[in-house]
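Visitor: The structure's right below; bear with me while I get my questions together.
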Amino acid sequence: MRHSIVLKRNIVLFTAELDAMLTKSCETDDEAKKDKILAPFDECMNYIQFANDECDYGMGFELGMCVFAHKTSRNFMGTISSLLPLAYDLLGRKLFSKIMKRICEKEEAQPTN
């Protein structure tokens, strides 16, 4: 069975592709290369904005959880902190939003390896 994150507007970002993308972006120090590697991810982030506007809050939640669970998640705390607390708020889960905000604040305050 192939697990995937299905996003609207004809975008499908498979979990393996997301994993490779996040890992590769952390392996390079060249910002131009990082931008190129993360271009599909950035496109998904744009589509999540549209989905939120259309009351489809699950897209941001699903992508946020996948990034949060990834082994390089500490490098993406800014992205996680913009996706998950908002998704929880929009889904009416205020306590979970508050908890996620605290987790992100704590992780962002710690130095990365």
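Visitor: Which percent of the accessible heavy-atom area of the chain goes to carbon and sulfur, probe 1.4 angstrom? Show your work: numbers first, answer last.
Guide: Numbers: 3800 of 7120 Å².
That fraction is 53 percent.
Visitor: If we count every other residue with Cβ under 10 angstrom of T28's Cβ, Lys/Arg +1 and Asp/Glu -1, where does the sum land? Intermediate values should be presented prior to the final figure.
Guide: Working: positive: K24, K33, K34, K36; negative: E27, D29, D30, E31.
Overall, the nearby charge balance is 0.
Visitor: Please give the charge dipole size of the range 54-113, origin at the Cα centre, charges +1 on K and R Cβ atoms and -1 on D and E Cβ atoms. Round to the nearest 20 debye.
Guide: 320 debye
Visitor: With θ set to phi - 60° and the Karplus curve 6.51 cos²θ - 1.76 cosθ + 1.60, what are the ³J(HN,Hα) couplings of the range 15-28 in order, to the nearest whole Hz, using x for Gly and Pro?
Guide: My calculation for the range 15-28 gives 4, 5, 5, 4, 4, 5, 4, 5, 5, 4, 5, 7, 8, 10 Hz in order.
Visitor: Over the range 34-113, with the other protein chains present, what is the accessible area per residue in square angstrom, probe 1.4 angstrom? Write out the running numbers ahead of the final one.
Guide: Working: 4800 Å² over 80 residues.
Here the residues of the range 34-113 average 60 Å² of exposed surface.
Visitor: Per residue of the chain, what 222 nm ellipticity follows from adding -39500 (n - 2.57) for every DSSP H run with n ≥ 4, rounded to the nearest 500?
Guide: Helix-only estimate at 222 nm: -21500 deg cm²/dmol.
Visitor: To continue, here is another question. Can you spot the lysines whose alpha carbon is less than 25 Å from K98's alpha carbon? Ignore those fewer than 8 places along the same chain.
Guide: Correct list for K98: K71, K106.
Visitor: Starting with the highest mean, order 24-37, 79-92 by the number of other Cβ atoms within 10 Å, averaged over the residues of each peptide.
Guide: 79-92, 24-37
Visitor: What net charge do the residues around S73 carry, taking every other residue with its C-beta under 12 Å from that of S73, with Lys and Arg at +1 and Asp and Glu at -1?
Guide: The answer is -1.
Visitor: Moving to a separate point now. F14's amide H: which non-local residues (gap 5+, or another chain) put their own amide H closer than 5 Å, with H modeled 1.01 Å from N in plane and none for Pro or chain starts?
Guide: I5
The values are calculated or read from the model by the stated rules, or taken from the named source; none is laboratory data. Computed from a prediction, not measured in an experiment: that's the story for all the values here. No Cβ is skipped: glycine too gets one built from the backbone with ideal geometry, and neighbour counts run over all protein chains shown. Heavy atoms of the whole protein, side chains included, go into the accessibility calculation; ligands, DNA and RNA do not. Shrake-Rupley method; radii C 1.70, N 1.55, O 1.52, S 1.80 Å.
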